[in-house]
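In what follows, a single structure is set out as structure tokens and then discussed.
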Amino acid sequence: MGFFRIRTTVDERPGRLASLTAALADKGGNIFGLSVQPDTDGTVDEFVTEIPASPEAVREALEAAGGRRVRIVPATAHELTDEPTRTLLLSARLRSASWRLPEILGELLRADDARWVYGAATARPGDRNEGETPELPDPTLLVVPVAPRRSIRLRRAGLPFTLTEAARAAAMVRLAQPPAEPSAAEGPVRLADGAEVQVKPLTPLYREALRDLHERCSPETRRFRYFTSNPNLPPRMLDRLCDRARGQSLVAGHDGQVVALASLLFTADPGIAEIALLVEDRWQGRGLGGTLARMLLTQARDLGFAEVRVTLLFDNMRLRRLLSSLGASLTHTEDPGVMEGRIAVGVMATASPS
């Protein structure tokens, strides 16, 4: 009988977690801790268990139950500490000794090694110059930006890092930094061409202005946003976009007209939000969509999300370029005409300029 920390990736389908817990129970496992974390190609389920079966037998049982990339490492009774309590205690230590940030990040993520890196060493795995052969990311290495050309590098041989852990590390780093200026989620924004727009949270007061925005947009622009060129915004959709329990939306205005709508939508998946953008045709290509997207990513980071996703049509080249500039990974879906972009919020939002 021994303690183990077990991680396995599963497809995002109902019932997968129940299948895994049943497989552990069949092997005599007693589950003391459970976490569910989004990752790049599914959901990572992590268990802290006491189990009499051999690790190989447990691995086979979990794979039969639908698990992929099963990792089993020894755990100790110390790891049974309540995770929120442990994180709060580490945060308190950091507030009184911010110079111990690498050590505290190492404890937070149970890393084998945590140290400062400077200059070119701060590049993330897979970053490369034009013409160089791309490198495959090392999942056992996490580089957390702290300041320009200064980061903390963490290594953990037993368990690959997840997007959720990257978000946790970025949040801990922010705790050690001086208070930042309030993010510009509202107020004037000047674009690169000198044009100025006013950005404000969406409210029902903008109902008529949004109706006018949709009517001014071309059928192609509406198709890229809604996958249909219908010029009308259904009242129920506006009500949803204004419901702050279901997401947060911004409008950009110029000369008395709303010229863009940007929405951060909450999902049922733990730690994941979605972004959607609608920019009037004459304002496209001027940096407004990118500005609004970065505002939403900052909001997602502040709300504790680990990942933001965007569903887009394959021929939406402008949005594909924008997502690539934000560090998104783009993949095809089961529908050949639809793609999905995924952005790790914690690392991206910390590294990006304000």
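The values are calculated or read from the model by the stated rules, or taken from the named source; none is laboratory data. Because the structure is predicted, anything quoted here is derived from the model rather than measured. Don't worry about glycine lacking a Cβ; one is built from the backbone with ideal geometry, like all the others, and counts go over all protein chains shown. Keep in mind that these areas ignore ligands, DNA and RNA; they rest on the heavy atoms of the full protein, side chains included. Shrake-Rupley method; radii C 1.70, N 1.55, O 1.52, S 1.80 Å.
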For region 275-314, listing chymotrypsin sites (Phe, Trp or Tyr not before Pro) in a DSSP loop whose Cβ sees at most 16 other Cβ atoms within 10 Å gives Phe314
Heavy-atom accessible area order for Glu340, Glu186, largest first, 1.4 Å probe: Glu186, Glu340
Between Asp138 and Asp243, Cβ-based FRET efficiency (R0 30 Å, step 0.05) works out to 0.15
Taking only complete DSSP H runs, can you tell me which helices of the chain stretch 24 Å or more along their own long axis by Cα positions and average at least -0.5 on the Kyte-Doolittle scale? none
Cα gyration tensor, the chain - rounded (a/c under 1.5), prolate or oblate: prolate
If you add up the charges near Asp269, with Lys and Arg at +1 and Asp and Glu at -1, over every other residue whose beta carbon is less than 15 angstrom from its beta carbon, what do you get? -3
Sparse-neighbourhood loop hits (GluC sites (Glu not before Pro), region 1-91; DSSP loop; Cβ within 10 Å at most 13 others) -> Glu12
Quick shape summary for region 211-250, equivalent ellipsoid via Cα gyration tensor, semi-axes whole Å in descending order, reads 20, 10, 9
At q = 0.16, 0.17, 0.22 Å⁻¹, what is the base-10 log of I(q)/I(0) for region 227-354 according to the Debye formula with one equal point scatterer per Cα and no solvent? Please give it to two decimals. -0.84, -0.96, -1.57
Residues in region 15-58, backbone N under 11 Å from the label point at Arg69 (7 Å along the Cα-to-beta-carbon vector): list them, ranges by number please. 39-45
